[in-house]
Amino acid sequence: MRLSLAIVFISLATFSYGQRDTLLLVNNSTIYFDNASSEIREDQIATVDSLLKLIKNTDNVHVKIQAHTDQVGNPEYNEALSKDRATSIATYLTAQGVQADIIESDHFGEEQLMTSNQNPDSLQQNRRAQVSVYSSKPRLWLSGKVMNILTDSPLVAKVYFHSKFWSDGVQTDSLGNFKIRVPKDEVISINATSPRHLASQEMGKMTERFVKELKIIKLTLGDGQWIAGQILSDSGAHVSNAKVQMHSKLWSDNARTDSTGHFKLFVPKQGLISIDIVAKDYLIEMTSLKVTPQLKKQPLAFKLAPLSDGKKFKLQRIFFVGNQDFLLERSFNVLPQLLSFMKTNQNTCIRIEGHINMPNEPNIETTTTSYYLSVARARRIYNYLMSKDVSKNRMVYKGYGNWKMIHPTSTLEEEMAENRRVEIAIIDCAEVAEMENDKISEDAFLFNFIPQFYDTYIFID
């Protein structure tokens, strides 16, 4: 049995630059081009100029340009065109005073299409260049040790580090020791977890003085209890090898069901826990449970609905910043459960549906900011899955505005919260191939996609 908070070590947000520095991602923007053109469009100049301002105000800045084309024309022509697009942006930046030696350019032709459809909107999505702005930070070695707070005995633990633009993690050795390079002068959250212990969290600024001394992290043994349960299908059949994941504010653990669908987990003695169940050929089950001493005497029982076209499930515990598509950090641990579902069910295709709350109002138009919000929230889930190598051919995202509210006439906050949701619909893969992702107007600047770094150490409220 393994007890650990969900920790995934990311590589998208940070990478080494030379032997001693780390590049921290500050901004990521997309510049669009006309067909067969490498000239920066007039309506894209504002985006490039905002990048220019950011570059000039960023310390130790590094710029990376990645240019692409659509699939019209032959591959050799498209490769050359994408190179010209990267050069066009680099030339514009250097003409405005950006030093050429801080710009790194790459081009991919038609190799990395956003969509394979050939209608005008889809082709436009592929005619693009991604411009990423990084800040280079020197790195320092940080050494530490994880120990039991009462006995001072060493613990094998996972230690996770993250700041606004950087994250990494290590596992201690058998003596509880760890060593990691951290960006100098960054304020970093340091988190550690070990089986059956409560997680720790503390902050520190990575100065030379801070890293000079061995960092000691002490964990408290958690006060918990064993609970047992069984997973069945809605027809009563045993569901074997299902993953049962449980979370609380300072606790997470998972187990697999045996051949009769049974599992056993060590959980906190009291409090509210979230439970996510992922199994092959079944919909995800997401629920919450209050832990009481009676759970020892009363095994849990869950019934899963089988996968079939048209079936849906709601992503529980997904919370967005008000009127934006940014996820709140307490929602991040839901995303790995959806990813696990997609990897467990490799032949399943989905439609990601975004919904907003506008009760007692007529259906909104597809040209409104509110509609774009529903699209942007669905797109964020789609982009997360695509960043984790789920094929875009298996999914599509759609916005439904306020057209399908659960409580269309409600005035109660609890019910209106249920209207703000993302649902996952199971659909035929042949149908996905014929579907288009919904579009957001280029004028809707509020919903220009900006990456978030989801793979952080999560606390659940």
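Output the residues belonging to the range 395-422 that are among the charged types (D, E, K, R) and either open to solvent by 30 Å² or more (accessible area, probe 1.4 Å) or assigned to a loop (DSSP other than H, G, I, E, B) (or both).
Of everything in the range 395-422, those that are among the charged types (D, E, K, R) and either open to solvent by 30 Å² or more (accessible area, probe 1.4 Å) or assigned to a loop (DSSP other than H, G, I, E, B) (or both) turn out to be K398, K404, E413, E414, E415, E418, R420.
Just need a number here: residues in the range 29-39 that are assigned to a strand (DSSP E or B) and crowded, with 18+ Cβ neighbours inside 10 Å.
Residues meeting the conditions: 2.
Write out, first by first residue and then by second, each pair whose Cβ atoms fall under 6 Å of each other, whose residues are 6+ apart or on separate chains, and whose first residue, in the range 168-181, is in contact (Cβ under 8 Å) with a residue 24 or more places away in the chain while the second is outside any strand (DSSP E or B).
Once the first residue is in contact (Cβ under 8 Å) with a residue 24 or more places away in the chain and sits in the range 168-181, its partners that are outside any strand (DSSP E or B) give G169/I7; G169/F9; T172/V156; T172/A157; G176/L155; F178/T172.
Among the residues of the range 383-401, is there at least one that is over 18 Å from F449 (Cβ atoms) and in contact with an Asp or Glu (Cβ under 7 Å, 6 or more places away or on another chain)? It would help to see each step written out before you state the result.
Step one: filter the range 383-401 for residues over 18 Å from F449 (Cβ atoms), giving 389, 391, 393-394, 400-401.
With the extra rule that they be in contact with an Asp or Glu (Cβ under 7 Å, 6 or more places away or on another chain), the set shrinks to 400.
Taking every residue of the range 383-401 in turn, at least one turns out to be over 18 Å from F449 (Cβ atoms) and in contact with an Asp or Glu (Cβ under 7 Å, 6 or more places away or on another chain).
Just to be sure I understand, how many residues within the range 288-322 are open to solvent by 80 Å² or more (accessible area, probe 1.4 Å) and modelled with pLDDT of 85 or more?
Qualifying residue count for the region: 7.
List pairs: first in the range 220-241 and farther than 22 Å from P195 by Cα, second open to solvent by 60 Å² or more (accessible area, probe 1.4 Å) and polar (S, T, N, Q), Cβ under 8 Å, 6+ apart or cross-chain?
H238/S259; S240/S259
Limited to the range 234-256, what total is found for residues that are buried (at least 18 other Cβ atoms within 10 Å of the Cβ) and not in a strand (DSSP E or B)?
3
Residues of the range 173-186 being out of contact with any Leu (no Cβ under 6 Å at 6 or more places or on another chain), open to solvent by 10 Å² or more (accessible area, probe 1.4 Å) and either within 17 Å of L24 (Cα to Cα) or outside any strand (DSSP E or B) (or both), which ones?
Within the range 173-186, D173, S174, L175, R181, D185, E186 meet the criteria.
Report the residue count in the range 187-208 for those that are assigned to a loop (DSSP other than H, G, I, E, B) and modelled with pLDDT of 90 or more. Working first, answer last.
Restricting attention to the range 187-208, the residues satisfying the condition of being assigned to a loop (DSSP other than H, G, I, E, B) are 194-196, 198-199, 206-207.
Within this subset, residues satisfying the condition of being modelled with pLDDT of 90 or more are 206-207.
Residues in the range 187-208 being assigned to a loop (DSSP other than H, G, I, E, B) and modelled with pLDDT of 90 or more: 2 in total.
Please determine, by comparing only the residues of the range 124-152 that are small (G, A, S) and in contact with a Lys or Arg (Cβ under 7 Å, 6 or more places away or on another chain), which one is surrounded by the fewest Cβ atoms within 10 Å (Cβ to Cβ).
Result: S143.
For the range 348-371, give me the residue count where each residue is surrounded by fewer than 22 Cβ atoms within 10 Å (Cβ to Cβ) and assigned to a helix (DSSP H, G or I).
Number satisfying all stated conditions: 2.
Limited to the range 187-206, what total is found for residues that are touching a His at 6+ places or on another chain (Cβ under 7 Å) and either open to solvent by 10 Å² or more (accessible area, probe 1.4 Å) or aromatic (F, W, Y) (or both)?
0
With the condition being more than 30 Å from Q452 (Cα to Cα), I'd like the strands (runs of 3 or more DSSP E) fully within the range 257-331 carrying at least 2 qualifying residues.
262-268, 285-291, 300-304
If you scan the range 385-394, which residues turn out to be assigned to a helix (DSSP H, G or I) and open to solvent by 10 Å² or more (accessible area, probe 1.4 Å)?
M386, S387, K392, N393, R394
Inspect all residues belonging to the range 336-347 and state whether any of them is surrounded by fewer than 22 Cβ atoms within 10 Å (Cβ to Cβ), under 18 Å from A378 (Cα atoms) and charged (D, E, K, R).
For the range 336-347, residues surrounded by fewer than 22 Cβ atoms within 10 Å (Cβ to Cβ), under 18 Å from A378 (Cα atoms) and charged (D, E, K, R): absent.
The values are calculated or read from the model by the stated rules, or taken from the named source; none is laboratory data. For clarity, every value in this text was computed on a predicted model and none was experimentally measured. Counting neighbours? That spans all protein chains shown, and the Cβs are built from the backbone with ideal geometry, glycine included. Just the protein is used for accessible areas: all its heavy atoms, side chains included, with ligands, DNA and RNA removed. Shrake-Rupley method; radii C 1.70, N 1.55, O 1.52, S 1.80 Å.
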